[in-house]
Amino acid sequence: MSQTTTYKCDRCGGESQESAFLQSVTATIRWRNTDWQSTVIAAEWCDGCTEELNIRKPAKKSPTPHPRPCLEEIIRNIAREEIGGAA
Ligand SMILES: [Zn+2]
């Protein structure tokens, strides 16, 4: 029997099956009129929500490397140059 785990954002309700989809977000509120007692609020938010609220900067995406031409493409370019040069 197989199981599937679905991770769901507490803010927008977005879902994914990858655990890295969610980030733990906590906020601590300290109450002055109660001798600085604190309340902690915790949630699991997706990358889109943390980026939308500027809690976290978007991950830098590495530039996609220029794909190397395959042998067939190299041969075609050489033939194209030779044919084009002869005309
Ligand atoms: Zn979200």
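Only the coordinates and a few stated rules stand behind these numbers; no lab work does. The shown structure was predicted, so the numbers you read here are calculated from the model rather than taken from an experiment. Here the Cβ positions follow ideal geometry from the backbone for every residue, glycine too, while neighbour counts run over all protein chains shown.
What to note about this one:
- Low-density loop cleavage sites - trypsin sites (Lys or Arg not before Pro) in the chain, where at most 11 other Cβ are within 10 Å (DSSP): Lys60, Lys61
- Close amide H pairs (under 5 Å, H built 1.01 Å from N) link Gly14 with Cys9, residues at least 5 positions away or on another chain.
- Value of relative contact order over the chain, rounded to a whole percent, pairs C-alpha under 8 Å and six or more apart: 20
- Other residues with beta-carbon under 14 Å from the beta-carbon of Ser19 carry, at +1 per Lys or Arg and -1 per Asp or Glu, a net charge of -3.
- For the chain, built as a Gaussian network whose Cα springs stay under 10 Å, the top-fluctuating residue of Ser24, Ser16, Ser38: Ser38
- In order along segment 45-56, the phi-based Karplus estimate (6.51 cos²θ - 1.76 cosθ + 1.60, θ = phi - 60°) of 3J(HN,Hα) comes to 10, 7, 4, x, 5, 5, 6, 4, 9, 6, 7, 9 Hz; Gly and Pro are listed as x.
- Charge-dipole axis of segment 1-58 as Lys and Arg at +1 and Asp and Glu at -1 on Cβ define it, positive-most pick from Leu53, Thr26, Gln37: Gln37
- Degrees separating the helix 71-86 axis from the principal Cα axis of the chain, which is the longest one: 50
- The magnitude of the dipole of the chain, with charges of +1 and -1 set on the Cβ of Lys/Arg and Asp/Glu and taken from the Cα centre, is near 340 debye.
- Applying a DSSP loop filter and a limit of 11 other Cβ atoms within 10 Å to the chymotrypsin sites (Phe, Trp or Tyr not before Pro) in the chain leaves Trp36.
- Residues Ile29 and Tyr7, FRET efficiency given R0 of 22 Å [Cβ-Cβ distance, rounded to 0.05]: 0.25
- The shape of segment 1-58 can be summarised by an equivalent ellipsoid whose semi-axes, obtained from the alpha carbon gyration tensor, come to 30, 15, 8 Å from longest to shortest.
- A simple count of charges around Lys8, restricted to other residues whose Cβ falls under 15 Å of its Cβ and scoring Lys, Arg +1 and Asp, Glu -1, yields -4.
- With 0.36 nm allotted per residue and the present C-alpha distance subtracted, the Ser16-Glu72 stretch has 16.2 nm of extension available.
- Helix-only mean residue ellipticity at 222 nm for the chain, each DSSP H run of n ≥ 4 adding -39500 (n - 2.57), per residue, nearest 500: -7500 deg cm²/dmol
- Counting beta carbons within 10 Å around each of Asp47, Asp10 and listing the fewest first gives the order Asp10, Asp47.
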